[in-house]
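Q: Provided herewith is a single structure, encoded as structure tokens, for subsequent inquiry.
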Amino acid sequence: MYFSIIIPVYNRPDEINELLESLLQSTYTDDYEIVIVEDGSTITCEEVVAKYSNSLNISYYYKENSGPGDSRNFGMQEAKGDYFIIFDSDCIIPKQYLKEVEKELKSNYVDCFGGPDKALKSFSNIQKAINFAMTSFLTTGGIRGGSEKLNKFQPRSFNMGISKKAFIDSNGFGNIHPGEDPDLSIRLWKLGYETRLFSSAYVYHKRRIDWDKFSIQVSKFGKARPILNSWYPEYSKITYWFPSLFVLGFLVSFVLLFALFDWALKFYFAYFVLIFIVSSIQNRNPLIGILSIVAVWKQFFGYGFGFLKSFFKINILKKEPQVAFPELFFKINSNVVSKITSTIIPEIKEISSLISKPSNIVDKEVKNLIKPKIIGLTGGIGSGKTTVANYFQSKGIPVYISDVEAKKVMAFPEIISQIVAIFGTDILGENDTLNRDKLASIVFNNPDKLKQLNSIVHPAVKKHFEQWVGNNKNFPYLVKEAAILFESGSYKDCDAIITVCAPMETRINRVLERDASTREKVLQRINNQISDDERIAKSQYIITNENFDQTKIQMDNILNLLKDI
């Protein structure tokens, strides 16, 4: 097994120096390579790389700034190994690290692993306090560790490994940051890969932050989680709410104090006393115990308020994540300005003078004109098009599920008012929300009413889809899943169309297993849709979805073909 160590860096040559110095002390005797990706830095680590070029096998790349996730992807694309190990630049690597990883992989191989972090004695008191807050069993570190099984661990990208095969199949990290590491873990699970915690493969993580930066960081962590929950609702957990509940509980406790009920506030006082005691003993320093109280306070309140703010915007206001929190999304743009390997380090200063010049303005304007290709995905009820859509999502391809998004659009106040103007207030339920069942009963066997409803919903969904495309314009192609792609006329906006079909009995049995329905009702729903023959005649790609292994082969073949459209 040949390891490639991938290290993105942005304006931190001093950290790269410490990290490479620690790798010099490694007890691992087999060959491995180090791939350093300079993410558009203005203060490069070129001289540091040159210093270690004779003693370590280093490849050095400089590219335009596009964020850590995209830089890791770029490093893995250029790496020669069959297993990638990813570090943040502010890590120091114990000498036995690579041996521990190799031992774990040989004893119980896994395609993706994550390791914990510790604090060195040389770290500052604030760094040690923050490390305690991020790793302790008394804080969200413990909540995270307790809520994730060791064999279902979500690796964190400051210390993680991923096989070349898993990277290729998943397309690596997405453009959300933070949150790109759990996003990758979930997509790997959906592809059938396993992840695991390697407890012995720890690093010393400096976390180069002061109190203000720490507050901003944990707030972003909180904002990212509801977005991930909205993408992957099946993997959301109640434990993700704990920091927010902690914050809300504290506010309630403070209010109760005015009513002379102080028992709740005493609980918080006791908790922070416990934080002080455990941290003081663990770090053998009462000052770090005091600072740990500050770190935990900032951690819970930063994450808790960030989570609540994001939950409100994403789940209540139904905003698109990129619109609600543009600061959490990098624009993917991995154009390499230069590649500098250890064999040409002497010429590095000359190359540096070239890469510091600004990119061509015309090139940027051309890129802004490039729009992603739209791939339509359709199929009759029970065909399994949702399975196909989920597989595409697991590959990192954005998928617009029309039925799901239409429900969101129909919850918009302006749309509800238009529907009420035609159908009356009888179709409203509690809190003036739509009673979908009553509305469905009205339009089901009434073509005229259905046409009126569609005249409201379809244009609004189309506008919503156009906004979604704009938010995902950096991807080469996007998938629009819709059961009525042809009936609605939206197939005309697609560059290519995939139809998913399956034998009739398979479709009927799938729907019966999924829905509380009867065979007669399922057949009626199938007969109300256009036939597979009509869909196939208008489609460029056909997937027969009966056996998933065979379906997966068909989907992979289509993905390869889509690269050329």
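The values are calculated or read from the model by the stated rules, or taken from the named source; none is laboratory data. If you're wondering where the values come from, they're calculated on a predicted model, not measured in any experiment. Don't worry about glycine lacking a Cβ; one is built from the backbone with ideal geometry, like all the others, and counts go over all protein chains shown. The protein model used for the area step is the full one, side chains on, heavy atoms only, and it has no ligands, DNA or RNA in it. Shrake-Rupley method; radii C 1.70, N 1.55, O 1.52, S 1.80 Å.
Q: On a straight-distance basis, which lysines could pair with Lys313 in a cross-link, Cα separation under 16 angstrom, same-chain partners fewer than 8 positions away excluded?
A: Partners found: Lys220, Lys223, Lys408.
Q: Still on this model: Using only alpha carbon pairs under 8 Å that are at least six residues apart, calculate the relative contact order of the range 421-565 and give it in whole percent. Please report the intermediate quantities before stating the final value.
A: Values: 67 pairs, mean separation 25.8, N = 145.
Once normalised by length, the contact order is 18 percent.
Q: Per DSSP H run of at least 4 residues, take -39500 (n - 2.57); add these up for the chain, divide by its residues and hand me the 222 nm value, nearest 500 deg cm²/dmol. List each step's numbers first, then the result.
A: Values: 24 runs with 288 residues, N = 565.
Counting only the DSSP helices, I get -16000 deg cm²/dmol.
Q: Long-range amide H contacts for Phe3: which residues qualify at under 5 Å (H placed 1.01 Å from N, peptide plane, sequence gap of 5 or more or a different chain)?
A: Glu33
Q: Once the Cα gyration tensor of the chain is found, what semi-axes does its equivalent ellipsoid get, as square roots of 5 times the eigenvalues, in whole Å, sorted largest first? Can you show the working numbers first?
A: Values: eigenvalues 399, 214, 98 Å².
Here the semi-axes work out to 45, 33, 22 Å.
Q: Turning to a different aspect of this structure: Name the residue farthest towards the positive end of the dipole of the chain from the options Val323, Ser230, Ile281, assuming +1 on Cβ of Lys and Arg, -1 on Cβ of Asp and Glu, about the Cα centre.
A: It is Ile281, whose Cα lies furthest towards the positive end.
Q: Report, ordered by chain and residue number, the aspartates and glutamates lying within cross-link reach of Lys385, taken as a straight Cα distance under 12 Å and ignoring same-chain residues fewer than 8 apart.
A: Result set, ordered by chain and number: Glu481, Glu546.
Q: Let me ask another. According to the square roots a ≥ b ≥ c of the eigenvalues of the Cα gyration tensor, what is the shape class of the range 379-420, taking rounded for a/c under 1.5, prolate for a/b larger than b/c otherwise, and oblate for the remainder? Intermediate results must be reported in sequence, preceding the final value.
A: Values: a/c = 5.72, a/b = 2.07, b/c = 2.76.
The shape class here is oblate.
Q: Tell me the carbon and sulfur percent of the accessible area for the chain, rounded to whole percent, probe radius 1.4 Å. Display every interim value, and only then the final one.
A: Numbers: 15310 of 27460 Å².
Here carbon and sulfur together make up 56 percent of the probe-accessible area.
Q: A further question on this structure: Counting Lys and Arg as +1 and Asp and Glu as -1, each charge on the Cβ, what is the dipole of the range 168-324 about the Cα centre in debye, to the nearest 20?
A: Details: 18 positive and 10 negative charges, 42 e Å.
Charge dipole of the range 168-324: 200 debye, to the nearest 20.
Q: Relative to the Cα centre, what is the charge dipole magnitude of the range 269-331, using +1 at the beta carbon of each Lys and Arg, -1 at the beta carbon of each Asp and Glu, and rounding to the nearest 20 debye? Kindly include the intermediate steps, with their values, before the conclusion.
A: Values: 7 positive and 2 negative charges, 31 e Å.
Computed charge dipole of the range 269-331: roughly 160 debye.
Q: A follow-up question, please. Give the total of Lys-Lys pairs in the range 81-128 with Cα-Cα distances below 26 Å; include a pair only if its members are 8 or more places apart or on different chains.
A: 10
Q: Where in the chain are the helices, taken as whole DSSP H runs, whose Cα atoms extend 24 angstrom or more along the long axis and whose Kyte-Doolittle mean reaches at least -1.0?
A: Numbers: long enough: 211-231 (31 Å, -0.40); 242-258 (25 Å, 2.47); 263-283 (30 Å, 1.35); 286-311 (37 Å, 1.18); 447-471 (35 Å, -0.76).
In the chain, the long hydrophobic H runs are 211-231, 242-258, 263-283, 286-311, 447-471.
Q: Further, regarding this structure: In percent, how large is the relative contact order of the chain, given Cα pairs closer than 8 Å and 6 or more residues apart? Please report the intermediate quantities before stating the final value.
A: On the way: 892 pairs, mean separation 82.0, N = 565.
Computed over the chain, the figure is 15 percent.
Q: Where the centroid of each part is defined by its Cα atoms, how far is the range 455-470 from the range 1-67 in Å?
A: Answer, in whole Å: 46.
Q: Using a ≥ b ≥ c from the Cα gyration tensor of the range 1-118 (square roots of the eigenvalues), is it rounded, prolate or oblate, where a/c under 1.5 gives rounded and otherwise the larger of a/b and b/c decides, a/b for prolate?
A: Values: a/c = 1.77, a/b = 1.42, b/c = 1.25.
In terms of gyration-tensor shape, prolate.
Q: Tally the DSSP beta bridges in the chain and give the antiparallel ones as a percent, rounded to 5. It would help to have the intermediate numbers written out before the result.
A: Numbers: 17 of 56 bridges.
Once the DSSP bridges in the chain are tallied, antiparallel ones form about 30 percent.
Q: Follow-up. Cβ neighbours within 10 Å, averaged per peptide: list 23-29, 216-222 in order, most packed at the top. Mind dumping the intermediate values first?
A: Values: 23-29: 13.4, 216-222: 21.3.
Going by the mean number of other Cβ atoms within 10 Å, highest first, we get 216-222, 23-29.
Q: Per residue, how many Å² of accessible area does the chain show with a 1.4 Å probe?
A: Working: 27460 Å² over 565 residues.
Per residue, the chain has an accessible area of 49 Å².
Q: What ranking, highest mean first, results for peptides 473-486, 521-534, 290-303 when packing means the other Cβ atoms within 10 Å averaged over each residue?
A: Numbers: 473-486: 20.0, 521-534: 14.0, 290-303: 22.3.
Ranking, from highest mean packing down: 290-303, 473-486, 521-534.
Q: Between the range 491-523 and the range 202-233, how far is it from one alpha carbon centroid to the other, in angstrom?
A: That distance is 41 Å.
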